[in-house]
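**Student:** Dropping a structure here in structure tokens format, bear with me for questions.
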Amino acid sequence: AQSVTQLDSQVPVFEEAPVELRCNYSSSVSVYLFWYVQYPNQGLQLLLKYLSGSTLVKGINGFEAEFNKSQTSFHLRKPSVHISDTAEYFCAVIQGAQKLVFGQGTRLTINP
Amino acid sequence: DGGITQSPKYLFRKEGQNVTLSCEQNLNHDAMYWYRQDPGQGLRLIYYSQIVNDFQKGDIAEGYSVSREKKESFPLTVTSAQKNPTAFYLCASRDRGHSGNTIYFGEGSWLTVV
């Protein structure tokens, strides 16, 4: 079965610093990859997605992610974070049976 | 505006009661999903439906039931058989058209057993 691993449960960074949230998935066959953001007491909002084509994907709020097939990774990056980026971030994959499988989430905390 | 509407936002249930969470979408999506979210455990799939009048169990279906009588509606019933129902419940629907297999989420419903 497909699985997704987010390597860090919590990531604290200072404002205006760069950040990388790591995500690895288990399957080497064709997959669709997603990053979602969740603010407190809210649903999930799509940040970006990889379906095919260019391995560097740009999303909303200045985030981007790079699909690396050989390393089965889809790490999320932002060159300079803001206080408003404080949230929980989820990596997810669709493969095969069309179910979306989520990682455990990474809580990003931005310190002033 | 198009979107996914979940109601109620907050719900309290007494032990032994069944409760139903509503999920409506006007996005014309075929597939709909219910996820449960507990702190530190990410999201777990309860049930999903690829088409009207059809649905499949997810990873944690015990104690839950669903129906899919209309394309736009996918209600979730939390039965008294669910031993630990207090959680945040998220409904989602999937677009296989122009947005390319993207799943969109509602704002969620908090269920608390009192």
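**Student:** Looking at region A:70-109 only, could you name the residues that are buried (at least 18 other Cβ atoms within 10 Å of the Cβ), more than 17 Å from A:Lys58 (Cα to Cα) and in contact with an Asp or Glu (Cβ under 7 Å, 6 or more places away or on another chain)?
**Tutor:** Within region A:70-109, A:Gly105, A:Thr106, A:Leu108 qualify.
**Student:** On to the next question. Step by step: first the residues of region B:23-60, then only those that are polar (S, T, N, Q) and touching a residue at least 60 places away in the same chain (Cβ under 8 Å), then the one that is nearest to the other protein chains (Cβ to nearest Cβ). Which residue is that?
**Tutor:** B:Gln37
**Student:** Sort through B:Ser65, B:Ser49, B:Ser80 and tell me the only one that's out of contact with any helix residue (DSSP H, G or I) (no Cβ under 7 Å at 6 or more places or on another chain) and surrounded by fewer than 16 Cβ atoms within 10 Å (Cβ to Cβ).
**Tutor:** When all the criteria are applied, what remains is B:Ser80.
**Student:** With respect to A:Tyr89, is the statement that it is of a type in the set (Ser, Thr, Tyr) and at pLDDT 95 or above true?
**Tutor:** Yes.
**Student:** Moving on to the next point. Would you confirm whether any residue within region B:68-75 is touching a Cys at 6+ places or on another chain (Cβ under 6 Å), buried (at least 21 other Cβ atoms within 10 Å of the Cβ) and within 11 Å of chain A (Cβ to nearest Cβ)?
**Tutor:** no
**Student:** Quick one: which residue in A:Val29, A:Val93 is more than 14 Å from every other protein chain (Cβ to nearest Cβ) and touching a residue at least 40 places away in the same chain (Cβ under 8 Å)?
**Tutor:** Criteria check complete, one pass: A:Val29.
**Student:** Shifting gears a bit: Identify all residues within region A:61-82 that are at pLDDT 95 or above and hydrophobic (A, V, I, L, M, F, W, C); write none if there are none.
**Tutor:** Matches in region A:61-82: A:Phe63, A:Ala65, A:Phe74, A:Leu76, A:Val81.
**Student:** Would region A:43-66 turn up any residue that is under 25 Å from B:Leu45 (Cβ atoms) and open to solvent by 70 Å² or more (accessible area, probe 1.4 Å)?
**Tutor:** Among the residues of region A:43-66, at least one is under 25 Å from B:Leu45 (Cβ atoms) and open to solvent by 70 Å² or more (accessible area, probe 1.4 Å), which makes the answer yes.
**Student:** So which residues in region A:43-82 are closer than 19 Å to A:Ile110 by Cα and either assigned to a loop (DSSP other than H, G, I, E, B) or among the aliphatic types (A, V, I, L, M) (or both), if there are any at all?
**Tutor:** A:Leu47, A:Ile60, A:Phe63, A:Leu76, A:Pro79, A:Ser80, A:Val81, A:His82, listed by residue number.
**Student:** Would you confirm, using the coordinates I've provided, whether B:Ala92 is assigned to a loop (DSSP other than H, G, I, E, B), within 14 Å of chain A (Cβ to nearest Cβ) and not aromatic (Phe, Trp, Tyr)?
**Tutor:** When the stated conditions are applied, B:Ala92 does not pass them.
**Student:** Would you point out the residue of region A:14-37, among those that are at pLDDT 90 or above and open to solvent by 20 Å² or more (accessible area, probe 1.4 Å), that is farthest from A:Lys58 (Cα to Cα)?
**Tutor:** Checking each candidate, the answer is A:Phe14.
**Student:** Restricting attention to region B:12-42, report how many residues are modelled with pLDDT of 90 or more, over 15 Å from B:Ser73 (Cβ atoms) and buried (at least 17 other Cβ atoms within 10 Å of the Cβ).
**Tutor:** Residues in region B:12-42 being modelled with pLDDT of 90 or more, over 15 Å from B:Ser73 (Cβ atoms) and buried (at least 17 other Cβ atoms within 10 Å of the Cβ): 4 in total.
**Student:** Considering every residue within region A:63-84, establish whether at least one is within 14 Å of chain B (Cβ to nearest Cβ) and either more than 24 Å from B:Cys91 (Cα to Cα) or under 15 Å from the mean Cα position of the chain (by Cα) (or both).
**Tutor:** no
The values are calculated or read from the model by the stated rules, or taken from the named source; none is laboratory data. Predicted, not measured: the structure shown is a model, and the values here were computed from it. Because the Cβ atoms are built from the backbone with ideal geometry, glycine has one as well, and the counts that use them run over all protein chains shown. Calculation scope for accessible area: heavy atoms of the full protein, side chains included, ligands and nucleic acids excluded. Shrake-Rupley method; radii C 1.70, N 1.55, O 1.52, S 1.80 Å.
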